[in-house]
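Since every read-out is calculated from the coordinates, none of them should be taken as a lab result. Not measured: the values here are computed from a predicted model. Here Cβ is always computed from backbone atoms with ideal geometry, including for glycine, and neighbour counts include all displayed protein chains.
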Amino acid sequence: MEFPDVGAQKELAHRKNKITRTTRTRVIAIIGTGEDKSQLSKRALEQQQHESVRNFGLEANAGLLTNCEALQLLQSRGADKGFGVTAAECKVYDYLVKTPAGSQTREGLQEFFKGAEEYKLTKAEYLQASNLRPSTAVEVHLIVEDCDERLSSALVDQFLGMIDETLPPPPELLEDAEAQKEEAVIKADEEDGGSGQ
Amino acid sequence: MFVLTVLQDTLRIPPHNLSLPLQDALTRQICSLYFDKVLKDLGLCVTLYDIKAVEGGFVFPGDGAPRFTVDFRLVMFRPFVGEVLIAKLKTCDKSGLYLSLGSFFDDIHIPEHLLQQPSTFDEDEKLWVWNYNGTPMYMDLDEDVRFRVVQVKYPPIPIEQEKNAKPFAPMQITGDVNADGLGLVAWWS
């Protein structure tokens, strides 16, 4: 039994600019996580990958989001306060706060992207650099494809230096650094107190 | 890791939500329908980015609720092939490692042929060990692992499942740990 080519019909409708609600056939395949009941139509199962995307999304890829932007979005929805958002969003928020994105700001990110323009990397590579915040050359080689051809080792070091300047270290490292500073201050106080007496 | 996807859907606002401002009512409906659900080939829906357009609001005969045609953007968790991510090692067995991203995504599998070579499975400790130039490097549980995404699969829902089978994972990520810089983060810092 053959199903009509839904994807082609939709394309024609688009081109003619006569999209009415009745001609737009849309198949939603929502697959739940866990024991949720799901509604699947036969067509969704049998169509090719690209067609299934065209059928229930207008645009599958409308832009990449850095972890920082996703984090700020969740914050604005109230994930840090814990109410007004679902438990799932809270889980994502808790995860993102511990990544390097947890200590980044919009302005810092913009500075990073401006400074990184000269290295001529792809969007995906900028995204990964801001999400992972590489601190060693090995990590840069992982992120940048064909790194040996595109960036010399001097440029890689320069890139790492720029990252160090523009992007703050991840929250855990910041906490460790602060804890170390406090310990040093306490030690200095003890010594002063001891010598003062 | 996160991608924006534009979707269009006909949302039915149940009458008890009609006292809310329209945007809030639509957000609630989108929340119950889409959040924390996997959409085939689009990924795991995390949250709503914004509502672009709303049309309609017609009440059909026999139904007390208005239906709106809404264009909205969702934030989807959908790593691209080749992306490098850091996840925690949850369990491991002979077939490979099982990682989880925070607690919101659990189905990351590193098959044994994509581990750092040469790696062996230690039966006594039930852990994978990487033999790096003679030194055994253990992959302990609960460690951060850096891996690269090889494939994102959306298996079809099984019609029948055994009683003790693992709960069905609608989105499965396969990764590899087979390059310089990949593996336990502690190895390379």
In whole Å, largest first, the alpha carbons of segment B:51-189 cover along the principal axes 75, 38, 21
Any trypsin sites (Lys or Arg not before Pro) in segment A:93-188 that lie in a DSSP loop and have at most 11 other Cβ atoms within 10 Å would be A:Lys120
Each label sits 7 Å from Cα toward the beta-carbon; between A:Glu59 and A:Asp164 the label points are separated, in nm, by 4.0 nm
In segment A:51-154, the chymotrypsin sites (Phe, Trp or Tyr not before Pro) that sit in a DSSP loop and have at most 15 other Cβ atoms within 10 Å of their own Cβ are A:Phe83
Under the rule rounded for a/c under 1.5, else prolate if a/b exceeds b/c, else oblate, using alpha carbon gyration tensor axes a ≥ b ≥ c, segment A:54-119 is classed as oblate
Given unit charges at Cβ for Lys, Arg (+) and Asp, Glu (-), the dipole magnitude of segment B:56-137 about its Cα centre in debye, nearest 20, is 400 debye
Contour minus Cα-Cα span, B:Val185 to B:Ser32, at 0.36 nm per residue, comes to 51.4 nm
To the nearest 20 debye, segment A:106-197 has a Cα-centred charge dipole, built from +1 on Lys and Arg Cβ and -1 on Asp and Glu Cβ, of 500 debye
Which of B:Glu160, B:Glu123, B:Glu112 fluctuates most in a GNM of chain B (C-alpha springs under 10 Å)? That residue is B:Glu160
Along segment B:104-110, Karplus-curve 3J(HN,Hα) (6.51, -1.76, 1.60; θ = phi - 60°) to the nearest Hz, with x for Gly and Pro, reads 8, 9, 10, 10, 10, 10, 10
Which of B:Lys126/B:Lys153; A:Lys91/B:Lys88; B:Lys94/B:Lys126; A:Lys98/B:Lys88 exceed 20 Å between C-alpha atoms? The answer is B:Lys126/B:Lys153
Taking Cα atoms, the helix B:22-34 axis meets the longest principal axis of chain B at an angle in degrees (rounded to 10) of 40 degrees
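Counting Lys and Arg as +1 and Asp and Glu as -1, each charge on the Cβ, what is the dipole of chain B about the Cα centre in debye, to the nearest 20? Write out the running numbers ahead of the final one.
Details: 17 positive and 25 negative charges, 147 e Å.
Magnitude of the dipole: close to 700 debye.
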GNM of chain B, Cα pairs under 10 angstrom: of B:Met137, B:Met76, B:Met171, the biggest fluctuation goes to B:Met137
Mean per-residue count of partner chain Cβ within 10 Å for B:82-94 equals 2
Here the residues of segment B:105-122 lying in the modelled label zone of B:Lys94, meaning backbone nitrogen under 19 Å from a point 7 Å along Cα-to-Cβ, are B:110-115, B:119-122
Going from the fewest other Cβ atoms within 10 Å to the most, one would list B:Cys45, A:Cys147 as A:Cys147, B:Cys45
Taking R0 as 45 Å and r as the Cβ-Cβ distance between A:Ala188 and B:Ile51, the FRET efficiency 1/(1 + (r/R0)^6), rounded to the nearest 0.05, comes to 0.20
For segment B:112-127, in residue order, the Karplus 3J(HN,Hα) values (coefficients 6.51, -1.76, 1.60; θ = phi - 60°; whole Hz; Gly and Pro = x) are 5, 7, 10, 7, 4, 9, x, 10, 10, 9, 7, 6, 5, 8, 6, 10
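Which whole number gives the average, over all residues in A:61-72, of C-beta atoms from other chains lying within 10 Å of the residue C-beta?
Numbers: counts 8, 10, 7, 6, 8, 2, 2, 0, 4, 8, 1, 0.
Average per residue, whole number: 5.
Taking every residue in A:96-107, how many Cβ atoms of other protein chains lie within 10 Å of its Cβ, on average?
On the way: counts 5, 1, 1, 4, 1, 1, 0, 0, 0, 0, 0, 0.
Counting other chains' Cβ atoms within 10 Å and averaging over A:96-107 gives 1.
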Of B:Tyr154, B:Tyr34, B:Tyr132, the most mobile residue in a GNM of chain B (C-alpha springs, cutoff 10 Å) is B:Tyr132
With the dipole of segment B:80-158 defined by +1 on each Lys or Arg Cβ and -1 on each Asp or Glu Cβ, the option from B:Pro156, B:Leu89, B:Pro111 whose Cα lies farthest towards the positive pole is B:Pro156
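Once you have a ≥ b ≥ c as the square roots of the Cα gyration tensor eigenvalues for segment B:1-64, tell me rounded if a/c is under 1.5, and otherwise prolate or oblate according to whether a/b is larger than b/c. Show your work: numbers first, answer last.
Numbers: a/c = 2.14, a/b = 2.00, b/c = 1.07.
Prolate is the answer for segment B:1-64, as a/c is 1.5 or above and a/b outweighs b/c.
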